[in-house]
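Working notes for the structure below.
Bear in mind that the values in this text are calculations on the coordinates, not laboratory data. Everything numeric here is computed off the predicted structure, so don't read it as measured data. FYI the Cβ positions are ideal-geometry reconstructions off the backbone, even for glycines, and counts take in every protein chain you see.
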Amino acid sequence: MAETRSAATPMAFIRAMVLAYEKYGANPAEALERARIAPLSLHRTDACITAEQMMAFSEAAMRELDDEALGWFGRRLPWGSYGMLCRASLGSPNLGVALKRWCRHHRLLVDDVLLTLRSAGQRAELTIEECRPGDARMREFCLLTLLRYVHGFACWATDSRIPLLAVSFAHAPPIHHAAYALMFPGPVRFGAGVTGISFDEQYLRLPIRRDEAALRAMLRRALPLTVLQYRRDRLLVQRVRELLSVQQTADTLASALNMSVRSLHRQLKEEGTSLQALKDQVRRDMAIEMLTRTSRSVKQIALAVAFRNEKSFTRAFGQWTGESPTEYRRKLSTVARSA
């Protein structure tokens, strides 16, 4: 479910949707043909399909069965139900309000599960409480899809990649558990006490950036919402700048952000900057702050902002401001005396 053209989505997800056809006494043959899935491959435990095939089959199944929940719940969710959830949340001032509305309105659709958003310190947690047992064979696909729906909506609505600090599932790890790393941008744990996701609470304050026209366009092709990961992270640059005051290497920064060093460099490039550029900005701002508000010597300031010596600091400061640290401080003193 991560790449549209590589076969990385477990066939187990198709088998779970075929169970919905069995539940409603319908034949999945047409949907399988539309998705170019050979019926004989359904029971191969090692078989995988592409994200495009996954989306083609799931859309066909939802339309044919008129159930966007694909048989998970005690009642059907007619075609358009999740679009209605998106629309009901779209007018919110920020993501926090939007997700609370999503959870509240989801309860109006079904009472088999209960979605809840909480803030716990610096983390936001969205959990799924299973209120009544359904078909155990559908449970895994139901839970992971509900989380993908809400995370996908959050990313789409804010136009921001929202990295997950933790992803937990109450069920045991399936045979295809390795595929979860492609679906959820964060560490995944099975056998947990509750199913849910957690992310930095700051994302709840992001404004909603989509409107009705964007929603109509998205609903015509919901693949980016439910399958593909977003590239833009609107808080990444801000969070890297904050961490740079205490985290100085790419390794420690990536670890603090729960991503690989390679992903950190790639995402910063997509944001139009680099780790070195952000380091320079933070060091420049710290140096100017100390030159302005303290009586520290230039050498002391150089060491405080992680330069090996005064000479290299003076050279870098000249590139940043066009002046040496001494000249910069002297001008400030002159302005202060004449004020």
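Please list, in chain and number order, the residues 5+ apart from ILE49 or on another chain whose amide H is under 5 Å from its amide H, with Hs placed from the backbone.
Counting only residues 5 or more places away or on other chains, the set is ALA8, THR9, MET11.
What residues have an amide H closer than 5 Å to that of GLU323, excluding those fewer than 5 places away on the same chain, when H is modeled at 1.01 Å from N in the peptide plane?
none
Modelled label-to-label distance, ALA120 and GLN319, 7 Å Cα→beta-carbon offset: nm?
4.4
So how long is each side of the stretch 277-338 along the principal axes, counting just the alpha-carbon atoms, biggest first, in Å?
Result, largest extent first: 34, 20, 18 Å.
Which distance in nm do the two modelled labels at ARG137 and GLN202 give, with both placed 7 Å along the Cα-to-Cβ direction?
That separation, rounded to one decimal, is 4.7 nm.
Among GLY121, GLY186, GLY83, which one shows the biggest mean-square fluctuation in a GNM of the chain, springs joining Cα atoms closer than 10 Å?
Maximum among the listed residues: GLY121.
Mind grabbing the base-10 log of I(q)/I(0) for the stretch 9-226 at q = 0.11, 0.16 Å⁻¹? Debye formula, identical points on the C-alpha positions, no solvent, two decimal places.
Treating every Cα as an identical point scatterer, log10 I(q)/I(0) equals -0.52, -1.17.
Expected output is a single nm value to one decimal: the length gained when fully extending between GLU327 and GLN281, i.e. 0.36 nm times separation in residues minus the C-alpha distance. What is it?
14.6 nm
Kindly write out, for the stretch 51-62 in residue order, the coupling ³J(HN,Hα) from the Karplus curve 6.51 cos²θ - 1.76 cosθ + 1.60 (θ = phi - 60°), rounded to whole Hz, with x marking Gly and Pro.
5, 4, 5, 4, 5, 4, 6, 5, 5, 4, 5, 4
Given the options THR249, GLY152, ASN309, identify the residue whose Cα lies farthest towards the positive end of the charge dipole of the chain (+1 on Cβ of Lys, Arg; -1 on Cβ of Asp, Glu).
Value: ASN309.
Grab the DSSP H runs of the chain that are 4 residues or longer, score each as -39,500 (n - 2.57), total them, divide by all residues and round the 222 nm result to the nearest 500 deg cm²/dmol. Provide the component values of the computation, followed by the final result.
On the way: 16 runs with 175 residues, N = 339.
Per the formula, -15500 deg cm²/dmol.
Treating the beta-carbon of each Lys and Arg as +1 and of each Asp and Glu as -1, no other charges, what is the dipole magnitude of the chain about its Cα centre, to the nearest 20 debye?
1480
Which whole-number percentage describes the relative contact order of the chain, with Cα contacts under 8 Å and a sequence gap of 6 or more?
With pairs under 8 Å counted, the relative contact order is 13 percent.
Could you work out how far helix 81-90 tilts from the main Cα principal axis of the chain, as a 0 to 90 degree angle to the nearest 10?
Helix 81-90 sits at roughly 20 degrees to that axis.
Which ³J(HN,Hα) values in Hz, rounded to whole numbers, follow from the phi angles of the stretch 19-31 under the Karplus curve 6.51 cos²θ - 1.76 cosθ + 1.60, where θ = phi - 60° and Gly and Pro get x?
In residue order, the calculated couplings are 4, 5, 4, 4, 4, 9, x, 10, 9, x, 4, 5, 5 Hz.
Which ³J(HN,Hα) values, rounded to whole Hz and listed in residue order, are derived for the stretch 154-163 from phi using the Karplus coefficients 6.51, -1.76 and 1.60 in 6.51 cos²θ - 1.76 cosθ + 1.60 with θ = phi - 60°, glycine and proline given as x?
4, 5, 5, 5, 9, 6, 8, 5, 10, x
Pairs LYS311/LYS331; LYS279/LYS311; LYS100/LYS269; LYS279/LYS299: which exceed 22 Å Cα-Cα?
LYS100/LYS269
Quick one: which residues, 5 or more positions from VAL113 or on another chain, have an amide H under 5 Å from its amide H? H modelled 1.01 Å from N in the peptide plane, none for Pro or chain starts.
Correct list: CYS131.
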